[in-house]
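Heads up: the structure comes next, in structure tokens.
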Amino acid sequence: MISIFLLSLIGALAPILWRSFVPTAHWQLQSLYGALLLTTAGGLWLRSLYRRKLWHPAGPWTDYGAIKRWLMSALCVCFFTFVLWLDLVATLPMAYTRLMGDEVVFTSTAEKKRGSGRHACRQQLKLPNVHYILFEFCLNEDSFDDLPDGPLPARISARQSYFGSSIHTIELAVPRAQ
């Protein structure tokens with residue numbers, strides 16, 4: 001059980017470290033349902049093991065009161081669901097897309113955007129049709145300052161599959177300064 005849990009935690013780090021994958025909207029919803037289903041199945045499995053006296057909660061869990069146990073249970077269920085959702089929506093589809101996806105090139109628009117996170121890149125390109133919290137396309141500060149404000153035509157090179165797109169490059173069509 002511990003190795004499965006640790007593998008799912010390590011797998012959830014991939015979309016946090018490599019932020020170029022964008023899952024499709026329908027796959028994000030299907031992954032949420034899958035994560036809820038897997039979390040429920042895992043909880044029922046643990047409960048059946050507990051009732052057959054094959055598993056016992058360890059540590060301070062047994063010393064908690066009823067309210068604290070319920071609150072911790074809700075927190076654990078939300079955490080496990082989130083980790084499984086990250087694995088299903090990004091990590092596994094990202095690996096599949098990189099291995100089996102097709103190379104595509106398409107046009108869109110991009111806008112420059114300042115990042116707000118302490119550890120995220122401060123200068124980014126935002127694609128208006130990408131609605132995924134873990135996608136970032138970083139720029140260096142000099143390139144960012146040279147770009148005009150507003151939407152810019154862009155040519156995007158990506159690897160695409162049923163699950164989403166792994167974006168490689170964004171080429172902007174900007175007028176050269178004289």
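Looking only at region 24-32, decide whether some residue is among the polar types (S, T, N, Q), in contact (Cβ under 8 Å) with a residue 24 or more places away in the chain, open to solvent by less than 90 Å² (accessible area, probe 1.4 Å) and in contact with a strand residue (DSSP E or B) (Cβ under 6 Å, 6 or more places away or on another chain).
So far as region 24-32 goes, yes, one or more of its residues are among the polar types (S, T, N, Q), in contact (Cβ under 8 Å) with a residue 24 or more places away in the chain, open to solvent by less than 90 Å² (accessible area, probe 1.4 Å) and in contact with a strand residue (DSSP E or B) (Cβ under 6 Å, 6 or more places away or on another chain).
Every residue in region 1-23 that is more than 30 Å from L54 (Cα to Cα), open to solvent by less than 80 Å² (accessible area, probe 1.4 Å) and of a type outside the set (A, V, I, L, M), please. I'd like the intermediate steps shown before the answer.
Let us first name the residues in region 1-23 that are more than 30 Å from L54 (Cα to Cα), namely 13-23.
Pick out the ones that are also open to solvent by less than 80 Å² (accessible area, probe 1.4 Å) and you get 14-16, 19-23.
Hits for region 1-23 are P15, R19, S20, F21, P23.
Taking region 77-115 on its own, how many of its residues are touching a Lys or Arg at 6+ places or on another chain (Cβ under 9 Å) and under 30 Å from D146 (Cβ atoms)?
Matching residues across region 77-115 total 12.
Is one or more of the residues making up region 9-23 of a type outside the set (A, V, I, L, M) and free of Cβ contacts under 8 Å to residues at least 60 places away in the same chain? Break it down into steps so the answer makes sense when it comes.
Of all residues in region 9-23, those of a type outside the set (A, V, I, L, M) come to 11, 15, 18-21, 23.
Applying the additional criterion that residues be free of Cβ contacts under 8 Å to residues at least 60 places away in the same chain yields none.
No, that holds for no residue.
Just give me the residues in region 51-85 being part of a loop (DSSP other than H, G, I, E, B) and exposed (fewer than 11 other Cβ atoms within 10 Å of the Cβ), in sequence order.
Going through region 51-85, the residues part of a loop (DSSP other than H, G, I, E, B) turn out to be 52-58, 64-65.
Once the filter is applied, which keeps residues that are part of a loop (DSSP other than H, G, I, E, B) and exposed (fewer than 11 other Cβ atoms within 10 Å of the Cβ), region 51-85 yields R52, K53, L54, H56, A58, G65.
If you go through region 33-65 one residue at a time, how many are farther than 30 Å from Q160 by Cα and either touching a residue at least 60 places away in the same chain (Cβ under 8 Å) or hydrophobic (A, V, I, L, M, F, W, C) (or both)? Outline the logic, then answer.
Quick first cut of region 33-65, residues farther than 30 Å from Q160 by Cα only: 40-65.
Among the residues that remain, those that are also either touching a residue at least 60 places away in the same chain (Cβ under 8 Å) or hydrophobic (A, V, I, L, M, F, W, C) (or both) are: 41, 44-46, 49, 54-55, 58, 61.
The number of residues fulfilling the criteria is 9.
The values are calculated or read from the model by the stated rules, or taken from the named source; none is laboratory data. These numbers were taken from a predicted model, which means no experiment stands behind them. All Cβ positions, glycine included, derive from the backbone under ideal geometry; neighbour counts span all protein chains shown. When the accessible area is computed, the model is the full protein with side chains, heavy atoms only, and any ligands, DNA or RNA have been set aside. Shrake-Rupley method; radii C 1.70, N 1.55, O 1.52, S 1.80 Å.
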